[in-house]
Amino acid sequence: MTTDEHVNVVIDGRRVAAPRGFTVIDAAQRAGIRIPALCRMAGFAPLTSCFVCVVRIRGRRGFLPACAARVEEGMEIESDSDEVHAARRTALELLLSDHVGECEAPCASACPAGLDVPNVLAAIQRGAVGDALQTVWSAFPLVGVLGRICPRYCERACRRRSADAAVAIRDIERWVGGQSASVSGCRVPDSGCRVAIVGAGPAGLTAAWFLRRAGHACTVFEAETAPGGLLRFALPRFRLPRSALDVETARLAQIGVKFCFGRRIETGTELNELRRSHDAVVLALGAVPVPTATAGAALERKDGGEAPAESAWTFLRKLSEGRVGAVGAETGTSAAVVGAGSAAVSAARCLVRLGVGLVHLISDKPRRRMTAFPEQVESALKEGVELSAGAVVRGVESTGGGTFRVSVSTAEGDTVDWTVHRVLLAPERRVEAAPLRQLGLPLRDGRVQVNADTGETRVPGVFVAGEMVEGPGAAVRAVASGSAVAVAVDQFVRGKPVTGRVQRYQHRLGRLTDDERAQLRLGAAEYGRVRLEDRPRLSEAPFAETQPTLSSDHAVREAARCLQCACGKRRNCDLRDLAAEYAVHAGAFRGERRAMVRDLSHPEIVWESGKCILCGRCTAIAEKAGERPGLAVVRRGFQARVAPPFRLPWADALSLDTARRCVGQCPTGALAWQVRKLCQQPPIISEKKRDVQ
């Protein structure tokens, strides 16, 4: 019933009584109905610039902006129909067609574990090492480990490379990991839920870290006598000292993760026992080396004599366990290692350290296609390893007297025979189907049937992580999988829908001009990358770590080289959130884009005109605050942008207090804090959003 004070409207089929004079968006908000908007501010007149809040009024043509349309008696409003959603999507795609910004920095997008690299580097510049460490811990626990062995995916994507050299992100990460040996306990109450993790490799340890910090009781079951998996038993100490690994794994015990060593889970009965005693089970079993038919024959002893070859994996394990005498005393003066992966390269480097004068590394792949990390191959060559890339081993046979003949077809087509005292085979790893079948897991083509987004299997409450899902690869990929599975398991044990990580929209800058690259370098240090030379191999300590650590001064200097090309509001950008919500297509409208421009003329904020959608919020705030000269829309049409009049610097246009309010209200990050001044504390565990384009 109409009164002088109220009118009755219908919004999405719901009757709503709204005060006379209310806008549609106000009436909807009062009824608990959300209508998105990018230009609306409470306490300010409607700006009607973004058209993201459009609604349809029955009996009227077209769409109306809900932030300005006033309610009328009997009005029937559609805010949640397919047509309205399509109109909003179009409005967002038009805004994004001219959006000159990047949500996440390329380095963060390239990191499989999603480390917020710019935030780490900004914290180091501010001297907030604790913040940097917390940021890393929000992505993964094995800081000192990945800071030594990660293949630098982030650095390959670093935009600083186009100027001189990438920021030494991995070296900085390692330095950060060395700044603290302890972590405070869980910051959330115990949930009362119990999770079993099978496998103490990178994926299992990471899943345990995040689930325990989410409040769940976690027990890691490991067949070995210590945690780490291949990190402990396949990586030589000169690459990863055991003390560094022990520090990282001790942190998990410190926050309450329990370990059960010497416990192998091999059968469906054992798996079901874990299911009955826990709310969820995570299987992180990893991949194992599987010899080819030729390699398998070479590993077999014939007629009770010597086996033509040994497993490089067994060799590395013996070294890890300190049984150097068993492999070093009778090594001889020459050896051949067959393989194209990291284990082959590591074994070859170990043989050199054991005093073998000539070590042949035989790869059936060209050097550029070897699965070993390029920097490890380069280090092996510097240490004297002879590489034959693109070569094929035709046969290995014992010649008696402790020597073996290795017949090789070289990449050039020649056939050569080498006589060596030792042959090591390093077959590639793969996930074997037989153990999974024994556990009673449904398989397809030898792989576990699993939800790719959540790691959930068809067995209720059983999840898989790491190489069981990703296949063999770098440890950081297993870490990323363990982190993702932790999100899904957390949802499962709390009785929530198991969706895994929520997808976020990712806008990219694309190819930059020379002028734009120069704009990105504004505010970044101009000196070159800190160069770290490997320490020389010492005869008295051949397995001592060769890779040095940055000094504190060098870590700060290196962090200052970061271009900070991520958006300063990437965590709370309204435009980004709505782009994901409405599943926009960034390339729906193509055409000329504005240039990427940065303005640092204000001591606290950065202005990037290419991100501005001309919503009018900042100009309205400046006008209401009585700022002189304030802000205005300058130029027209495609070149229109917000700026201080008369080309004044931003510091002259806005007081500090008004600038802060403008930053807080900017919906896109066009106005943002200069990121080096921020001090953000990341959450302990969150449903971290995966970037999609």
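Each value in this text was obtained by applying a stated rule to the coordinates, not by laboratory testing. The structure displayed is predicted, hence computed values, not measured ones. Please note: Cβ atoms are built from the backbone with ideal geometry, for glycine as well, and neighbour counts cover all protein chains shown.
Which order do Phe315, Phe63 fall in if you start with the one that has the fewest other Cβ atoms within 10 Å?
Placing the least packed residue first, the sequence is Phe63, Phe315.
Mind jotting down the distance between the C-alpha centroids of region 175-254 and region 377-455, whole Å?
30 Å
Just for region 6-80, what percent of DSSP beta bridges are antiparallel, to the closest 5?
Counting only bridges with both partners in region 6-80, antiparallel ones make up about 85 percent.
Can you check how the C-alpha radius of gyration of region 65-145 compares to 2.2 N^0.38 Å, as a plain ratio?
Cα-based Rg divided by the globular estimate yields 1.86.
Would region 81-190 count as rounded, prolate or oblate if I go by the C-alpha gyration tensor, calling it rounded below 1.5 in a/c and otherwise prolate when a/b exceeds b/c, oblate otherwise?
oblate
In the neighborhood of Glu558, defined by Cβ-to-Cβ distances under 9 Å, what is the net charge if each Lys or Arg adds +1 and each Asp or Glu adds -1?
That works out to +2.
Give me the distance in nm between label points sitting 7 Å out from Cα along the Cα-to-Cβ direction at Asn272 and Arg635, one decimal.
My value for the distance between the label points is 7.1 nm.
Taking the Cβ of Lys382 as the center, what net charge do the other residues with Cβ under 11 Å away carry, scoring Lys and Arg +1 and Asp and Glu -1?
It works out to a net charge of -3.
If one computes the Cα centroid of region 49-107 and of region 601-644, what distance in Å separates the two points?
For region 49-107 versus region 601-644, the Cα centre distance is 23 Å.
For region 45-169, what does the relative contact order come out to in percent, with C-alpha contacts under 8 Å and a separation of six or more?
17 percent
Between Leu614 and Arg14, what is the FRET efficiency for a Förster distance of 41 Å, r being their Cβ-Cβ separation, to the nearest 0.05?
Computed FRET efficiency for Leu614 and Arg14: 0.75.
Any idea how far apart Glu73 and Thr399 come out in nm if each label point goes 7 Å out from Cα toward Cβ?
In this crude spin-label approximation the distance works out to 10.7 nm.
Quantify how much of the Cα-Cα distance distribution of region 6-80 extends past 15 Å, in percent.
Considering region 6-80, 47 percent of its Cα-Cα pairs are separated by more than 15 Å.
Order of Thr225, Thr249, Thr499 from fewest to most other C-beta atoms within 10 Å?
Placing the least packed residue first, the sequence is Thr225, Thr499, Thr249.
If you rank Lys569, Lys496 by fewest surrounding Cβ atoms within 10 Å, what's the result?
Lys496, Lys569
What fraction of the DSSP beta bridges in the chain is antiparallel, stated in percent and rounded to the nearest 5?
In the chain, DSSP labels about 50 percent of beta bridges as antiparallel.
Using Cα pairs under 8 angstrom and six or more residues apart, how large is the relative contact order of region 355-505, in percent?
RCO, region 355-505: 12 percent.
Net charge near Arg148: determine it from the other residues with C-beta under 10 Å of the C-beta of Arg148, scoring Lys and Arg +1 and Asp and Glu -1.
Its environment carries a net charge of 0.
Set the Förster radius R0 to 25 Å, insert the Cβ-Cβ distance between Asp534 and Arg126 as r into 1/(1 + (r/R0)^6), and round the FRET efficiency to 0.05.
Result of the calculation: an efficiency of 0.20.
Based on alpha-carbon positions alone, could you give the equivalent ellipsoid semi-axes of the chain from the gyration tensor, as √(5λ), descending, whole Å?
Value: 56, 31, 22 Å, ordered largest first.
Would you compute, from DSSP H runs of 4+ residues alone, the mean residue ellipticity of the chain at 222 nm, taking -39500 (n - 2.57) per run and dividing by the full residue count, rounded to the nearest 500?
Computed mean residue ellipticity for the chain: -9000 deg cm²/dmol.
Expressed in nm to one decimal, what extension gain is obtained for the pair Glu386 and Leu656 from 0.36 nm per residue of sequence separation less their Cα-Cα distance?
The Glu386-Leu656 span can extend by a further 90.9 nm.
Pulled fully out, how much extra length does the chain show between Ser162 and Arg494, if you take 0.36 nm times their separation in residues and subtract their Cα-Cα distance?
114.9 nm
Please tell me the relative contact order of the chain in percent, rounded to the nearest whole number, where contacts are Cα pairs under 8 Å and at least six residues apart.
After rounding, I find 17 percent.
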